1. It is to be established whether one or more residues within segment 67-75 are under 21 Å from K131 (Cα atoms) and either in contact (Cβ under 8 Å) with a residue 40 or more places away in the chain or open to solvent by 60 Å² or more (accessible area, probe 1.4 Å) (or both).
2. Looking only at segment 137-152, decide whether some residue is part of a loop (DSSP other than H, G, I, E, B), more than 16 Å from the chain's Cα centre (by Cα) and surrounded by 14 or more Cβ atoms within 10 Å (Cβ to Cβ).
3. For segment 92-124, what are the residues that are more than 16 Å from the ligand (Cβ to nearest atom) and not in a loop (DSSP other than H, G, I, E, B)?
4. Inside segment 49-66, can you point out the residues that are of a type in the set (F, W, Y) and touching a residue at least 24 places away in the same chain (Cβ under 8 Å)?
5. Somewhere in segment 9-20, is a residue away from the ligand (no atom under 16 Å from the Cβ), touching a residue at least 60 places away in the same chain (Cβ under 8 Å) and either of a type outside the set (S, T, Y) or open to solvent by 10 Å² or more (accessible area, probe 1.4 Å) (or both)?
6. Counting only residues that are within 13 Å of the ligand (Cβ to nearest atom) and hydroxyl-bearing (S, T, Y), which one in segment 61-91 is farthest from D136 (Cα to Cα)?
7. Which pairs turn up if I take residues in segment 91-103 that are closer than 13 Å to L116 by Cα and among the charged types (D, E, K, R) and look for partners that are modelled with pLDDT of 95 or more and within 12 Å of the ligand (Cβ to nearest atom) with beta carbon separation below 6 Å, at least 6 apart in sequence or on another chain?
8. Could you look through segment 40-58, keep only residues that are part of a loop (DSSP other than H, G, I, E, B) and of a type in the set (D, E), and pick out the one that is least open to solvent (accessible area, probe 1.4 Å)?
Amino acid sequence: MSKFVIVYLSTSGNTKMMAEAIAEGARSRGLDADAISFYDVDVDTLKNADAVGLGCSTFWYKMHDAMERFLDKLSKEHLEGKVGVSFGSYGWSGEAPVQIATRMREMGMHVLDPVLRIMYTPNEKDLEECKRLGKDVAMELKKHKPSEMAVT
Ligand SMILES: Cc1cc2nc3c(=O)[nH]c(=O)nc-3n(C[C@H](O)[C@H](O)[C@H](O)COP(=O)(O)O)c2cc1C
């Protein structure tokens, strides 16, 4: 069974809402998907996943330092070829998701567009966009491992 792990670092819950909606969208297309707090995840969980989502809000024009250190650790592993998505809530400049997508691509991951940025708390329409991205991940994996997923 293909697995999609979506990791989020969120200070007030906005990026977390995005992560949960991405997971919901993926599950609605038959993919086994979990949104997990950055603080509860280890590198092995991501190594064992077929698709990886990484989300972080923007603070002081960049991703949080803890996410940067996590990416440093991930870049020592072999994650090339995995499907990826990057996302995050922001207030006015929104650099973090773009920086994360760049790092994921440097690791050889196949990062889907859009790199999803939502201003402050996601509204219903924003959450639909997040779900759409989750569905896109499911479709992408289905292209490669169609027999392992429920067809919906
Ligand atoms: C101290 C502080 C610094 C921030 N710096 C930025 C910034 O440089 N650029 C930006 O777009 N948003 C900035 N924001 C806004 C946050 O990214 C925004 O509130 C976001 O919704 C937080 O999402 P989260 O709850 O997932 O952490 C900042 C917020 C705080 C409290």
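The values are calculated or read from the model by the stated rules, or taken from the named source; none is laboratory data. Please read these numbers as outputs of a predicted model, since none were measured by experiment. Cβ placement follows ideal geometry from the backbone for every residue including glycine, while neighbour counts extend to all protein chains displayed. To get the accessible areas, we keep the full protein, side chains included, count just its heavy atoms, and leave off ligands, DNA and RNA. Shrake-Rupley method; radii C 1.70, N 1.55, O 1.52, S 1.80 Å.
1. The first filter runs over segment 67-75 and keeps only residues under 21 Å from K131 (Cα atoms), leaving none.
Within segment 67-75, not a single residue is under 21 Å from K131 (Cα atoms) and either in contact (Cβ under 8 Å) with a residue 40 or more places away in the chain or open to solvent by 60 Å² or more (accessible area, probe 1.4 Å) (or both).
2. Within segment 137-152, the subset part of a loop (DSSP other than H, G, I, E, B) is 145, 149-152.
Within this subset, residues satisfying the condition of being more than 16 Å from the chain's Cα centre (by Cα) are 145, 149-152.
Then keep just the ones that are surrounded by 14 or more Cβ atoms within 10 Å (Cβ to Cβ); that gives 149.
Yes: segment 137-152 contains one or more residues that are part of a loop (DSSP other than H, G, I, E, B), more than 16 Å from the chain's Cα centre (by Cα) and surrounded by 14 or more Cβ atoms within 10 Å (Cβ to Cβ).
3. First, the residues of segment 92-124 that are more than 16 Å from the ligand (Cβ to nearest atom): 102-114, 124.
Hits for segment 92-124 are T102, R103, M104, R105, E106, H110, V111, E124.
4. Within segment 49-66, F59, Y61 meet the criteria.
5. Here is the first cut: in segment 9-20, the residues away from the ligand (no atom under 16 Å from the Cβ) are none.
The answer is no, given that none of the residues of segment 9-20 is away from the ligand (no atom under 16 Å from the Cβ), touching a residue at least 60 places away in the same chain (Cβ under 8 Å) and either of a type outside the set (S, T, Y) or open to solvent by 10 Å² or more (accessible area, probe 1.4 Å) (or both).
6. Taking the candidates together, the pick is Y61.
7. E95/T58; E95/Y61; E95/K62
8. D50
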